[in-house]
Amino acid sequence: MSVTFFPETAPIVGYRLADYFGGRDDRVFATYGEAVDALVAARKAGTILPGCTDPEAALCCSDVYRIDIVTADGDDEGPEVNVANTNARELLALLGYAEDGVVHDLYGSEDADAFLGRVLTAVALSPVDEGVPATVNASAGGVTIIDCGRAPGYVQARLAALEELARWCRDRQRRVCWA
């Protein structure tokens, strides 16, 4: 399991047809229903979308089309930071989200400026991450538990990535989310 830190979704302004071979219709449909109608028509007509890199495959398969959301930010989706649950708990604790030393929820959101402040505080106050060695624990019953550990400097690298995310969100008036 993992937790991803990501920007809040920008407001949706429409929908666009695309395929899984790089093709994309430049038209933006105001409603999802209009996009579905266009998708059905494209399938019936055997339409090849501009930019499609494999027209032959696009014609032979009925499920190569999709409907993409178009946001106010266009195609600029922003950075994401994905970490394992154990590492997420440690990062969230460093960011001040722990209650009595325990992070209860691995989901939430925060104003980008406030989140950035938490990240910069954690960077300033956290000791250099020396890492965690990998371990293998085998029980007599045949169960083996492997903990892959964590490389030295991992926390600082993730905090740097979270800082980049927070600044990106701040510049676009978006919240930082995690789940």
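No lab work stands behind these numbers, since they all come straight from the coordinates. Everything numeric in this text was worked out from a predicted model, so none of it was measured. As a convention, Cβ positions derive from the backbone with ideal geometry for all residues, glycine included, and neighbour counts pool all protein chains shown.
Assuming R0 = 41 Å, can you tell me the calculated FRET efficiency for the pair V13 and E130, based on Cβ-Cβ distance, to the nearest 0.05?
On the way: r = 47 Å, r/R0 = 1.15.
Rounded to the nearest 0.05, the efficiency is 0.30.
Using amide H atoms built 1.01 Å from N in the peptide plane, name the residues 5+ places from T71, or on other chains, whose amide H lies under 5 Å from its own.
The answer is V13.
Can you give the three extents of the C-alpha atoms in region 81-178 along their principal axes, from longest to shortest, in whole Å?
55, 25, 25
Any idea how far apart N85 and A45 come out in nm if each label point goes 7 Å out from Cα toward Cβ?
Each label point is offset 7 Å from its Cα along the Cβ direction, giving 4.8 nm.
Counting only the backbone N, which residues of region 7-37 are under 19 Å from the spot 7 Å out from the Cα of E56 toward its beta-carbon?
It comes to 20-23, nothing else.
Starting at the first residue of region 114-124, write each ³J(HN,Hα) from the Karplus equation 6.51 cos²θ - 1.76 cosθ + 1.60 with θ = phi - 60°, in whole Hz, x for Gly and Pro.
5, 5, 4, x, 5, 5, 5, 5, 5, 4, 6
How high is the relative contact order of the chain, in percent, counting Cα pairs under 8 Å that sit 6 or more residues apart? Working shown, then result.
Working: 279 pairs, mean separation 52.6, N = 179.
Here the relative contact order equals 29 percent.
What's the FRET efficiency of I145 with A72 using the Cβ-Cβ distance as r and R₀ = 41 Å, to the nearest 0.05?
Numbers: r = 46 Å, r/R0 = 1.13.
So, using R0 = 41 Å, E works out to roughly 0.30.
Show me the three semi-axes of the equivalent ellipsoid for the chain, from the C-alpha gyration tensor (sqrt of 5 times each eigenvalue), largest first, rounded to whole Å. Can you show the working numbers first?
Working: eigenvalues 338, 113, 37 Å².
Equivalent ellipsoid semi-axes, largest first: 41, 24, 14 Å.
Highest mean first, what order results for 91-100, 37-46 on Cβ atoms within 10 Å? Numbers along the way, then the final one.
Working: 91-100: 15.7, 37-46: 12.9.
By packing density, highest mean first, the sequence is 91-100, 37-46.
Could you tell me how far the Cα centroid of region 28-82 sits from the Cα centroid of region 136-179, in Å?
33
Could you put I69, I48 in order, starting from the residue whose Cβ has the fewest other Cβ atoms within 10 Å? List each step's numbers first, then the result.
Numbers: I69 13, I48 16.
Result, fewest neighbours first: I69, I48.
If you consider only alpha-carbon coordinates, what radius of gyration and Dmax does region 12-71 have, in Å?
When restricted to Cα atoms, region 12-71 yields Rg and Dmax of 10.8, 32 Å.
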